[in-house]
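One structure below.
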Amino acid sequence: MARQRTVVRLSKDIARNLFLRKQLLSGARFPKGKLGALRVIEHLGYVQIDTISVVERSHHVVLHTRLPDYTAQFLHDLQAKDKKIFEYWAHAASFVPMKDYRFYLPAIKKKPRPGSWFDQWTKKHPDVVKSVKRRIEKEGPLTPSDFADAENRKRGPWWDWKPAKAALEVLFWRGDLMIKERRNFQRVYDLTERVLPRGIDVTLPTEKEEKGFFVRRALNGLGIATIKDVDRYIGISGKLNTWLLDMQKTGEVTEIRIDGLKRPYYALCKDLQDIPGRETEFDNAVRLLSPFDNAIILRDRTQALFDFDYTLECYVPRAERKYGYFSMPVLWQNRLVGRLDPKADRQRSVLLIQNLHLEKNFKEQISFLEALATAINDFARFNNCERVEINCRIAPQIKSRISTRLL
């Protein structure tokens with residue numbers, strides 16, 4: 001029976017508080033060690049993998065931001081030894097909780113779109129696909145470098161992989177292979193039945209189960225979200241508006257109206273039982289967010305909730321960059337107050353601060369500057385740097401306040 005529709009009204013300030021709490025960015029506590037890393041991934045639903053390495057790669061930064069004791073070994077062990085996470089496409093290529101595996105099966109088993117690269121390449125090279133799979137069956141886990149390239153092959157764009165690499169991807173996407181682990185960031189492929197842990201549920205979910213799962217995953221990670229946000233949080237889920245609205249009718253989801261924003265938002269009713277108030281106490285920590293952090297990856301959402309217009313400028317020509325190659329949003333309490341562009345000079349063990357820009361409407365406070373210095377020092381240690389150098393023009397009072405507290 002459908003319940004009477006109710007609408008909850010929130011200020012933008014309180015909406016941000018709820019969102020940051022659900023994103024584990026307001027002082028959430030987790031177990032130490034790799035169990036804490038697993039709990040974060042299970043709560044967020046995924047952590048995006050990225051190749052950029054100007055500082056530690058994004059997936060490590062996302063976990064470090066939420067877990068002070070995090071090390072890259074935690075993630076490796078969770079995948080390679082414990083089999084608690086696996087790799088697949090969520091918002092993008094991501095680490096995903098292994099317990100969610102069955103809900104990805106509809107996407108894994110879905111036939112490639114006719115005419116797509118996947119479809120055309122598979123039909124053109126069936127022998128290569130069979131040969132690559134046969135080698136892994138006989139030899140065990142292999143990497144792309146274990147396969148020779150075709151002789152006299154004409155090279156194409158960056159995505160024109162050697163045949164064996166393309167075959168590995170085809171076998172991965174259709175579920176014949178999984179990523180057993182990464183060695184020096186290179187994927188190691190093995191048969192799915194040898195990677196999946198014993199006893200895991202591989203029952204194909206019904207459409208209702210699958211779609212409901214992804215609605216809950218998005219709302220649990222975002223706290224409050226528009227239908228567009230829910231669709232994009234884990235993009236592999238497809239359009240979810242029908243299923244979300246059905247859950248509203250049954251009373252599992254509530255509509256939210258946020259002061260100053262036109263679009264309706266939605267939240268799980270259970271998350272509204274203890275809404276963080278305007279006077280919510282935040283720790284004084286500054287958090288440097290990866291450009292691919294779950295909290296800010298939906299840029300229009302970030303603009304709406306934080307009035308913060310963010311673009312990752314590594315894809316922008318150098319002369320047109322305003323904030324820097326890998327500028328990281330600076331989160332303090334429940335606001336995004338600036339951007340910091342770091343680079344790890346690994347040969348000298350120095351963290352370079354190439355740009356620091358604070359928002360025009362933000363008046364820096366001594367407590368903020370001290371917290372920023374602490375965050376920079378902590379980020380330097382996380383990147384195995386022994387010193388910090390500020391290689392940019394910033395206000396003297398800010399630089400002096402920070403510099404006195406650098407490594």
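Any read-out appearing in this document is the output of simple, stated calculations on the displayed coordinates, not a laboratory observation. Keep in mind the model is a prediction, meaning the values are calculated, not measured. Counting neighbours? That spans all protein chains shown, and the Cβs are built from the backbone with ideal geometry, glycine included.
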For the range 1-64 and the range 227-274, what is the separation of their Cα centres, given in Å?
16
With unit charges on the beta carbons (Lys and Arg positive, Asp and Glu negative) and the dipole taken about the Cα centre of the chain, which residue among ILE275, PRO396, MET178 sits farthest to the positive side?
MET178
Where both partners of a DSSP beta bridge lie in the chain, what percent of those bridges are antiparallel, to the nearest 5?
80
Sites LYS249 and ARG393 - FRET efficiency at Förster radius 60 Å, r taken between beta-carbons, to 0.05
0.60
For a paramagnetic label modelled at 7 Å from the Cα of ASP146 toward its Cβ, which residues of the range 188-208 fall within the zone defined by backbone nitrogen distances under 20 Å?
188-197
What residue among TYR323, ILE256, TYR189 has its Cα farthest toward the positive end of the dipole of the chain, where the charges are +1 on Lys, Arg and -1 on Asp, Glu, each on the Cβ?
TYR189
Run lengths n ≥ 4 of DSSP H only: what is the helix-derived mean residue ellipticity at 222 nm for the chain, with -39500 (n - 2.57) per run over all residues, to the nearest 500?
-11000 deg cm²/dmol
Quote to one decimal, in nm, the extra length available between GLU137 and LYS109 on full extension: 0.36 nm per residue of separation minus the C-alpha distance between them.
8.0 nm
Out of the trypsin sites (Lys or Arg not before Pro) in the range 70-101, which ones are loop residues according to DSSP with at most 15 other C-beta atoms within 10 Å?
LYS81
Let me spell out the model: positive unit charges on the Cβ of Lys and Arg, negative unit charges on the Cβ of Asp and Glu, origin at the Cα centre of the range 286-403. What dipole size does that give, in debye rounded to 20?
220
Dipole axis of the chain (+1 Lys, Arg; -1 Asp, Glu on Cβ), positive-most option in LEU18, CYS314, MET247
MET247
Whose amide H sits under 5 Å from the amide H of LYS180, counting only residues 5 or more places off or on another chain, with H placed in the peptide plane?
VAL188, TYR189, ASP190
Please state the charge dipole magnitude for the chain, taken about the Cα centre, from unit charges on C-beta atoms (+1 on K and R, -1 on D and E), reported in debye and rounded to the nearest 20.
580
Please list, in chain and number order, the residues 5+ apart from PHE86 or on another chain whose amide H is under 5 Å from its amide H, with Hs placed from the backbone.
VAL96, MET98
Quick check on the exposure proxy: order PHE282, PHE379 from fewest to most C-beta atoms within 10 angstrom.
PHE282, PHE379
Restricted to the range 339-407, the DSSP antiparallel beta bridge percent, nearest 5, is 65
